[in-house]
Amino acid sequence: MNTVKQMTFRDLLKRFPDEEACKAFLAKRRWPNGVTCPRCGNKRVYTLKARPFHWLCKSGAERLDSKTGKIVGCSKKNGYRFSVITKTVFENTNYPLREWFRAIFLMLHSKKGMSAHQIHRMLGTGSYETAWYMCTRIRAAMKDEELPKLMGEIEIDETFIGGRDKNRHYHQRSHSAGPYASGKIEVMGAIARKGNIVCQMIEDIGFHTEKTRAEFVRKVVSKDVSLVATDESHHYRNLRKEGVPHESIQHGQHEYVRGKVHTQTIESFWSLLKRGIIGNYHKVSAKYLPLYLNEFSFRFNNRKNADIFDAIIAGC
């Protein structure tokens, strides 16, 4: 079995000895075909010699900003000045890029994740809030928008994140039976055996959310799959009607493997996710759970990528 040799911490320190080296690497990964304006996409930008890694755009082009709903453009008179960190997760921060790179390295090379408290202790970020801010932005950059649909043999399953109702304080208990009424958060995932995983949090949790699950399957699973394996949950009962080669395993009857039909691959990922949350983060709220799913999915999908660090920098 060939193991993938990824960058070590010693390699990181040697590769990025100062801030200039970090900025040069970020610029190269961000604009592999030459610097373009992050506001209008113009390729004809002027380098500001007095300020390294800063550029000026005077295209005069205008576009609608999707976030603010306002018309923005690069005036031909004054122009639009931008730097290598403009429109990235590093923007609006005075923290050195070298420290950002070290935090990214630690998060990528810890199989079960690394808490902001631990990164704060190791890097000496000044305050826990600074480390938490950095980790949250890095997790946001790990979201893969262009992941292709899963093919081959697929496993689909769901899990619940959160503590048991009986272990909570009395005033915090739901006093109801079942995972849907216990306040747990449902996460649904699909994994290609020997391939990638896609998972998302199910927000409208309940017994009548088959439509949400069906939309998730259509979104992430290709029509050319050879097998879709699930458990006996009623949420997947209509997959065959849609032409999906679906087989289910009967966990309720103590059946876990039937030939190629099993869900052990995705259950191993759920185990990794839960061990990380319980052992390192201890508690994750529904508000930030999607970011943690980004982190664990990105790390899993790039487990055989020797350039995993380069990939996350390009996505920042």
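For helix 19-30, report the angle its Cα long axis makes with the longest principal axis of the Cα atoms of the chain; keep it between 0 and 90° and round to the nearest 10°.
The angle comes out near 60 degrees.
Mind checking the full-extension length gain between Q264 and K76? Use 0.36 nm per residue of separation minus the Cα-Cα distance, one decimal, nm. Can you show the working numbers first?
Working: separation 188, 0.36 × 188 = 67.68 nm, distance 5.91 nm.
So the extension gain works out to 61.8 nm.
What ranking do C40, C135 get, fewest neighbouring Cβ atoms within 10 angstrom at the top? Don't skip to the answer; put the middle values down first.
Values: C40 17, C135 25.
Ranked by crowding around the Cβ, least crowded first: C40, C135.
What spacing in nm lies between the two simple spin-label points modelled at K111 and K49, each 7 Å away from Cα in the Cβ direction?
That separation, rounded to one decimal, is 5.4 nm.
On a full-extension model of 0.36 nm per residue, what is the gain between L56 and R240, subtracting their alpha-carbon distance, rounded to one decimal in nm?
Working: separation 184, 0.36 × 184 = 66.24 nm, distance 5.61 nm.
Answer, rounded to one decimal: 60.6 nm.
Compute the acute angle (0 to 90°) between the alpha-carbon long axis of helix 289-301 and the principal axis of greatest extent of the alpha-carbon atoms of the chain; round to the nearest 10°.
With both axes taken from Cα atoms, the answer is about 90 degrees.
As a quick test, which of the pairs K67/K194; K70/K143; K112/K166 have an alpha carbon distance above 30 angstrom in this structure? Don't jump to the answer; show the numbers that get you there.
Details: K67/K194 38 Å; K70/K143 26 Å; K112/K166 26 Å.
Distance filter (> 30 Å) returns K67/K194.
Please give the contour-minus-distance gain from K194 to A27: 0.36 nm per residue of separation, less the Cα-Cα distance, rounded to one decimal in nm.
Numbers: separation 167, 0.36 × 167 = 60.12 nm, distance 3.30 nm.
Gain on extension, K194 to A27, equals 56.8 nm.
Calculate the spin-label point distance for S233 paired with H254, positioning each point 7 Å from the Cα along the beta-carbon direction, and give it in nanometres.
The answer from the label model is 2.4 nm.
Expressed as an acute angle from 0 to 90° and rounded to the nearest 10, what is the orientation of the C-alpha long axis of helix 264-276 relative to the principal long axis of the chain?
Computed tilt is about 60 degrees.
Place a +1 charge on the Cβ of each Lys and Arg in the chain and a -1 charge on the Cβ of each Asp and Glu, then give the dipole magnitude about the Cα centre in debye, rounded to the nearest 20.
Values: 54 positive and 32 negative charges, 269 e Å.
The dipole of the chain has a size of about 1300 debye.
State the antiparallel share, in %, of DSSP beta bridges confined to the chain, rounding to the nearest 5.
So the antiparallel bridges in the chain amount to around 75 percent.
Any read-out appearing in this document is the output of simple, stated calculations on the displayed coordinates, not a laboratory observation. In this text, all values refer to a predicted model and were calculated from it rather than measured experimentally. All Cβ positions, even for glycine, are placed from backbone atoms using ideal geometry, and neighbour counts span all protein chains on display.
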